[in-house]
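Working notes, structure below.
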Protein chains: 2
Amino acid sequence: MCEANAYFKVGDQEELLLENVDKVIPQENWLLLEDIFGHRKLVRARIKELSLVDHKIYLEKLEQ
Amino acid sequence: MCEANAYFKVGDQEELLLENVDKVIPQENWLLLEDIFGHRKLVRARIKELSLVDHKIYLEKLEQ
């Protein structure tokens, strides 16, 4: 399986948001993430970087 | 390896842009894609959807 883990990245810190992410759908100022079990999270963030070989999705929080 | 293929999606059509993508770095109105061999493409697009279990990255072209 080639799912990835989603992290908020702040400086050198990585804060795990969701594991085993299958789908990511960007919306206006929001991201919808869905893991392989169908669990969803809607977060106010944008994609900062994908590093798929490392199974990592780095996100950046957006201001409320 | 858990790289993915990047496609432009227009309606139901998928147009392959780059295979074996490892890294995707969004920039202002641009995306930098890098495959597992280090080849890079800079495209005027945004991420429309990630479907990682299917190894697919769907992009949407932006106006010039």
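The values are calculated or read from the model by the stated rules, or taken from the named source; none is laboratory data. Here the structure is a predicted model, which means the values were calculated and not measured. Cβ sites come from the backbone with ideal geometry, for glycine too, and all protein chains shown count toward neighbours.
Of all residues in the range A:1-21, those that are more than 9 Å from chain B (Cβ to nearest Cβ) have Cβ atoms under 9 Å from Cβ atoms of residues that are of a type in the set (Phe, Trp, Tyr) and exposed (fewer than 13 other Cβ atoms within 10 Å of the Cβ), 6 or more apart or on another chain, in A:20/A:37. Scanning the range A:24-39 finds one or more residues that are at pLDDT 95 or above, over 25 Å from residue B:29 (Cα atoms) and more than 13 Å from every other protein chain (Cβ to nearest Cβ). Apart from one condition, residue B:35 fits all of (1) within 20 Å of residue A:46 (Cα to Cα); (2) in contact with a Leu (Cβ under 9 Å, 6 or more places away or on another chain); (3) of a type in the set (Asp, Glu); the exception is (1). Only a single criterion out of (1) within 12 Å of the chain's Cα centre (by Cα); (2) within 12 Å of another protein chain (Cβ to nearest Cβ) is not satisfied by residue B:53, namely (1).
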